[in-house]
Structures are given as structure tokens and as C-alpha cells.
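The values are calculated or read from the model by the stated rules, or taken from the named source; none is laboratory data. For clarity, every value in this text was computed on a predicted model and none was experimentally measured. We place every Cβ from the backbone using ideal geometry, glycine too, and count neighbours over all the protein chains shown.
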Amino acid sequence: MASVSLRKLDKKYGSLQVVKGIDLEIADGEFVVLVGPSGCGKSTTLRMVAGLETITAGEVRIGERVVNKLPPRERDIAMVFQDYALYPHKTVHENMSFSLKVRGVSAAETGTRVAEAAEMLGISHLLERRPGQLSGGQRQRVAMGRAIVRRPQVFLFDEPLSNLDAKLRGQVRTEIKRLHQTIGTTIIYVTHDQVEAMTLADRIVILRGGDIEQVGTPDEVYNRPQSIFVGGFVGAPAMNFAKAKVVGDALVFGGGNTLPVSAVELGRSSAIDGRELIVGIRPEHFTAAGGADGSLSAEVQVIEPLGSDTLVHFTVGSEAMTARMPPNFRPKPGTQFRLGIDPAKIRLFDVASERAIN
Amino acid sequence: MAVLSISATDSAKDSERPSPVWTRWLDLSDRAMAVLLLLPAAVLLALIIVYPIGRLVYTSFFNLSLTSGLPAEFVGLENYRIMLDDPVFWETTWNTVLITLITVPGALLLGLGLALLANLPFAMQWPVRLSLLIPWALPLSFAGLIFAWFFHYEYGVVNDVLNRLGFEGIIWFNSPNWAFAAICLTIIWKTSSFMALIILAGLQTIPRSLYEAADVDGAGRLRQFFEITLPLLKPAIVVALIFRTITALQTFDIPYMMTGGGPGSSTATLAMYIHQNTVSFLDLGYGSALAVVMFILSMGVTAIYLRIIRTKEA
């Protein structure tokens, strides 16, 4: 096991810069998820750690070693690929033991390690099959098994669940988390799925356009997004955003809605008096309170009953928002209703920089 | 339920209604329909493949020489008996087998090398791949003529290079062995591009991620070639070998253009001997018998390859 650190990491393809000076310290045994939309540089970053992409500038350290110039095989890592990259002409056993064979590990030791990994993943009965005879989920497990038998310093996962159907994805996700709890090796995991990031990570790194947007625990990222992008990317349904003006100790929304907010909650209240801001509110931070104070007047557009709760799509002035309400809350579309907000939970963003100010 | 019963009565009505005459012949069983649909292709194949082969085998049992002026006379297996005592038959058959044994592996190795080179990631890929096509696109007899000039004693580029390197020029077409070598080199040059094209297509089906996985697993380039590239190329190589072997057994144009079979009949192939008997000597009976032997040889080799593929798949 080892820590990993990325320092001022750059990747350029010609004049196109896809990774822009990333700094990241990953602790020994930590499960870090790199998440972001397509083209944000997350896979490229992972492949630079693996040694499958050259590093344009900056430094990658695994443990105490700078590995920039080392080929993948000397970095003591194991990788699970999106398409699994199993050798189609080799059996599951041969696939899992290939790296050990290449490294000249004894047959007895190889046998033990493969048996152990297969047992852990529940694929012991598949060892003599070829990848073509396996289901998607089984192949995924073999790919993980191949990584486990190596006993590497770091595991790298490149979107390992994106080729599985939704049900299997949930199942394998749990298994990956259990695996990490069992063997405790450092994991760097790339995904575009924020649910995977939230459920798996010790820390989430949100990337956008080759830059780190925010690093934090799932709770931090969810509850205190540092930018509009993070607030909108993490959580489903996404965070609601609405323009509002600070007037004294209140936020004034479109349609004359006013929300009294204490100076503490506003942060540097004096500095922002009179300014227009973007207010971010999570759908579950609305309450069905009827009181006139700390509430908004909304018009119901659509309701979506989910059984466990009800999603209410509504407008405040000209802004469209969504609230997650109790399952029995069923206002009629077109009607007006009042929604309460917990002022402690709202996030305020600067209009120009889109960064959080509280 | 109501919906179901309505549709049931509807279809009952449909079946009572007589179908128009012109569609009635379509009310055949699946099996009969399949036969009917296959019939045109079957007839065509019978006309252009089965009939000529049948006719060939039939003719091989006759003494039919257009120069003798005599009518065809049934002689049973006499043509085949003559063949056994015919030294030229044995020599040309041996030459054919030897050409196959030398040029097929030769073209495979050269083709594999070319395909691996053409598959490397570099900027000017398409001109290289296009130039791979050129030897393949060239007519066989044309290639034979070009190489006959290359190997010419006085004006040939090969002897020129040998001279510059301080060697004596070789009179290629005066010696059976040198002539044979020149022909084999030409065939390898001409056919390796076909092998390269098939193998290149095979190479492009191997996902890049397998090599990346092997990089991470710790396998070097050589190991990757033997553990990943070669096993995954096997199907493409077998296909290329089948085609190449069959065409090698039928080798005609290149030795015909380069040496005409000489000196003596030392570079003549079975196909050239068949051509000589049927076209030059107009001895259709004996020529047919020779052609039957070549057909059996080709079928035998194909059967062996197919057997190999099938056991591999199993």
C-alpha cells in the first residue's frame, strides 16, 4: 500500500491542454473517486498515474517514488479497465495469473493467490472458462481478480461499471466497497456517475475542464458545494439555483418573495448588501411549512410521486425549481402553495465567478 | 379477454376466405419454401461448378486427343496409369509441392512483418497501407515479367546489386536451382501483400486495452507479441494460409512468364503441365486426368486446414 501524490500535473495533446496543473494528495489506503463530465480529464489523469499516458509536466509519486519515467509494470499498480481488457484466448485462471507468471512467481504461490482472490469474488467455479463464456458481471469480477492477485500498492479503476446494467451496477458497487474494506489498498477510481462517487469514495475529486473544481468527503461535497457546477453535478435531482438580491437581512427573490436570513448565514453580510446572488437550495431542504416567515410562494407545475417521497416541480417568479417532499404531499398542478426553507442549508454563489461565498 | 376473442374470430374469418390464386403456391411449408428460395443459386452453382468438374472427371476416363483425329475412346483408368509412369508428372508435381512449401511460409512471415509495420502508429499510415496493396493488385503475369527483368543476367537489378557488393553475377535462368529460387522469391514478393492485408485486418481487431493491460501486468513487447498478438491473429492467419496454399498449388503465371518451365522442366508446375497437355498438345483426356489429381490435392489441403480450424474451435 502507498500514498499517491499528483503535483502540478499537466497533459497536453498538441495545443490542447486536457489536464491543467492538478495537485492532489491521496493518503495510504484512501478510496478517492475522480468524477466529472466527459472530457474533464479524469481518465487522462488516471492513465498518467498508470503510466499509459506520458506526463507533459508535473510529477506523479507513488509512495516515495517519482514514477514519471517508469513504465506501467514498474509502478506496482493494478488497473481495472472499462472494457475489462481480459485476454480472450486465456482462461479465467490464466488471465488472473498472467502478471504473476510474467514476474516469475512460483506456481504454488500463484495457485494460492488466484484461489484466494477467486474465493473473495465468488468466481472459483469459473476458473477454467474463457471470458467469452462469462456474463458482463462475471467478467467484471475477473478483471478485479486479476488486479487483486497482483497485491499492488494502488488499484486504479477506469469507469469499471459503465458496461453493466443498472441492477448489476448497484450490486458490483457494493462489492467494490466491501473489497476495499477487506484489503484496504489505496484506490483511485474514475467515473462520470455521481452516485458511484458519493457511495464509494472516502474523498471525491470533482473535475471540470481539466481542473479540480472541489475536493472533499461526500458529505462536504454534497452539503457545501464550492461552486454552482459542483452543486448541479452532485445529487439527483440537482440543486436548485435561483437569482436573489440581498436587501438588509433578507434575500429577495423574483415575484416579490422574501426570505429573512441572519447575518451569520449570509457570511460577510455587510459586504454583500444590495448585491445580486445565486441561491442554491437542495430539493430536500424545502419544507411544506405554511407560515409566512422564511417561506416562498410557489406555483406547482408537475408532481412526480416516487413512493418513498414526492418530487414537486414548481416555479418561484420565473425560476423553475424542484422540491423533495413527503410521499403524501400532493398539491394540484397550477395551484399556489407555500414552501419553507431552512436558511442554514442554503448556499450562496457569486453571479460572475459562480463560486460559493458562504 | 374480449379483445382476444374478437381477434380469434377475425383470424377464423380470414382462413375461411379463399386466397387469390397467384398467392396460393406461396402457402408452402417452411422447408419447401427454403428449397424454392435456394433453387436459383443451386442451379447456377451446378452449371458453373458441378457440371465442369463432373465433365472433367468424365473426360479423364477417355482417350481424347484432338490431334489424332480419332473419336473419343473410353479407356477407364488408363490415363491415371500412364501418369504413374510419367516422370514429367512426378517432376512437375514435386515442383508444385516445393513451391508451396517454400512460398507459403515465406509469404506468411514477410506478410506478418509488413502487417506489424503497417499497424504501427505513425503519421503517414494510409500511403503505406496503399503501397501494401500494389503487389497484390498487380497481374501475376505482369509480376513475372518484371521479375524476369530483375533477374536478367546482363541488365537485371539483382545482378547489378550483387556486382556492386563484389559478387559475381548469377545466370539465374540457366541453372535449375537458381531459376527455382528466383521464381520462389517472386512469388513470395507477389503474395506477401495479400497475407499482410488479411493479417493487418486481424491486427486491427485486437483492442488496444489488451496491450495496456499487458503493460500493467508487466509483459514486455516480445512477450505481448507471443502471448497476445499471435494467439489472437490465429484465425486470420489460418484463413490467409488456406487461400495462399490453394493458389500456390495452382501456381502457373509467374514461372510461365519467367522461365516457361525451364531449364528442361525443372521449374514447371503441375498447372503448367496441364496447360501444356490440353492447350499445346490438345490431349484432353490426359490433361483432364492431371487436372483431377490437382483438384484432389487442393481439396485434400483445404480439408486438412478446415479440420484444424474445427478442432481449434472445439
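I need the full set of residues from region A:299-339 which are surrounded by 17 or more Cβ atoms within 10 Å (Cβ to Cβ), aliphatic (A, V, I, L, M) and touching a helix residue (DSSP H, G or I) at 6+ places or on another chain (Cβ under 9 Å), in order please. Those that are surrounded by 17 or more Cβ atoms within 10 Å (Cβ to Cβ), aliphatic (A, V, I, L, M) and touching a helix residue (DSSP H, G or I) at 6+ places or on another chain (Cβ under 9 Å): A:V312, A:V316, A:M321, A:A323, A:M325.
Screening A:R150, A:R130 for residues that are in contact with a helix residue (DSSP H, G or I) (Cβ under 8 Å, 6 or more places away or on another chain), surrounded by fewer than 18 Cβ atoms within 10 Å (Cβ to Cβ) and more than 22 Å from A:A197 (Cα to Cα) leaves exactly one candidate, A:R130. Would you be able to say whether some residue in region B:120-128 is surrounded by 12 or more Cβ atoms within 10 Å (Cβ to Cβ) and in contact (Cβ under 8 Å) with a residue 60 or more places away in the chain? No, the conditions are met nowhere in region B:120-128.
Residue by residue, here is whether (1) buried (at least 19 other Cβ atoms within 10 Å of the Cβ); (2) farther than 26 Å from B:I188 by Cβ holds:
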{"residue": "B:T259", "(1), (2)": "yes, no"}
{"residue": "B:T269", "(1), (2)": "yes, no"}
{"residue": "B:I274", "(1), (2)": "yes, no"}
{"residue": "B:G285", "(1), (2)": "yes, yes"}
{"residue": "B:A289", "(1), (2)": "yes, yes"}
{"residue": "B:M299", "(1), (2)": "no, no"}
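Evaluated against (1) part of a helix (DSSP H, G or I); (2) in contact with an Asp or Glu (Cβ under 6 Å, 6 or more places away or on another chain), A:V190 falls short on exactly one condition, (1). Kindly indicate whether A:L277 is modelled with pLDDT under 85 and either assigned to a strand (DSSP E or B) or among the small types (G, A, S) (or both). Spelling it out, it is not the case that A:L277 is modelled with pLDDT under 85 and either assigned to a strand (DSSP E or B) or among the small types (G, A, S) (or both). Just one of (1) of a type in the set (A, V, I, L, M, F, W, C); (2) touching a Ser or Thr at 6+ places or on another chain (Cβ under 7 Å); (3) away from every other protein chain (no Cβ under 14 Å); (4) crowded, with 17+ Cβ neighbours inside 10 Å fails for A:A27. It is (4). Taken over region B:150-176, the residue count meeting the criterion of being in a helix (DSSP H, G or I) and surrounded by fewer than 13 Cβ atoms within 10 Å (Cβ to Cβ) is 5.
Test A:R103 against the stated conditions and say whether it is over 22 Å from A:M144 (Cβ atoms) and not hydroxyl-bearing (S, T, Y). Considered against the rule, which asks whether it is over 22 Å from A:M144 (Cβ atoms) and not hydroxyl-bearing (S, T, Y), A:R103 comes out as no. Within region A:77-122, being of a type in the set (D, E) and within 10 Å of chain B (Cβ to nearest Cβ) holds for A:D83, A:E94.
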